[in-house]
1. Which residues, counting only those in region 121-136, are touching a residue at least 24 places away in the same chain (Cβ under 8 Å) and either acidic (Asp, Glu) or exposed (fewer than 15 other Cβ atoms within 10 Å of the Cβ) (or both)?
2. Checking the structure you have, find out if any residue of region 57-75 is modelled with pLDDT of 90 or more, of a type in the set (Ser, Thr, Tyr), assigned to a helix (DSSP H, G or I) and farther than 30 Å from Ile127 by Cα.
3. Output the number of residues of region 97-144 satisfying the condition of being part of a strand (DSSP E or B) and either at pLDDT 90 or above or touching a Phe, Trp or Tyr at 6+ places or on another chain (Cβ under 7 Å) (or both).
4. Take Ala90 and tell me if it is in contact with a Cys (Cβ under 7 Å, 6 or more places away or on another chain), touching a residue at least 12 places away in the same chain (Cβ under 8 Å) and within 30 Å of Met138 (Cα to Cα).
5. Does Glu80 satisfy being of a type outside the set (Phe, Trp, Tyr), at pLDDT 85 or above, within 30 Å of Glu128 (Cα to Cα) and surrounded by 10 or more Cβ atoms within 10 Å (Cβ to Cβ)?
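The values are calculated or read from the model by the stated rules, or taken from the named source; none is laboratory data. For clarity, every value in this text was computed on a predicted model and none was experimentally measured. Quick reminder, even Gly has a Cβ in these numbers, built from the backbone with ideal geometry, and neighbours come from all protein chains shown.
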Amino acid sequence: MKRLIVLALACAVVPLATAEMYKYVDKNGKVVYSDTPPADADAKPVHVVPSTGTEVRQGPSLEKELEKSRALAKAREKKEETAEHNAKVAEQRCEQAKNNYRAYEDGGRLFKYNKDGEREFLSDEQIEAERASSKKEMEEACGKS
């Protein structure tokens, strides 16, 4: 019972705990806020309610910051996905270049199709030129591995 009375009394006193402020203009023309009224100036009382500190305000600037951070995160994620995709493509290109070089390195009877769709066997000089070309492509694709 005593607790209930103390709680009711505390709730009744809270509105009285507001700060009383005075606003006036000094001799230099500056607006001054003070808790005591000056004797020589016309002070007007300003009612100030103290904040409890628990209120969370989300203004437009906070929303803009959140939106900006979301956009940055999304851009970063897209950049990472693009980098992963480019790495996979580069790896595939390297593997294909290695396979092409191995085919010319192993030798044997190699051929190409002409414009009529017929097979033409490559001469030794053509094979050597294709081997050099495929080695250069492999070194470029794989970073000189």
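1. Passing the criteria: only Glu130.
2. Yes - at least one qualifying residue is present in region 57-75.
3. From region 97-144, those part of a strand (DSSP E or B) are 111-113, 119-121; that's our starting set.
Still in the list and also either at pLDDT 90 or above or touching a Phe, Trp or Tyr at 6+ places or on another chain (Cβ under 7 Å) (or both): 111, 119-121.
Total meeting the criteria: 4.
4. When the stated conditions are applied, Ala90 does not pass them.
5. no
Each row is one residue, and each column tells you yes or no for (1) of a type outside the set (Lys, Arg); (2) on the phi > 0 side of the Ramachandran plot; (3) modelled with pLDDT under 75; (4) not in a strand (DSSP E or B).
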| position | (1), (2), (3), (4) |
| --- | --- |
| Leu16 | yes, no, yes, yes |
| His47 | yes, no, yes, no |
| Ser51 | yes, no, yes, yes |
| Glu95 | yes, no, no, yes |
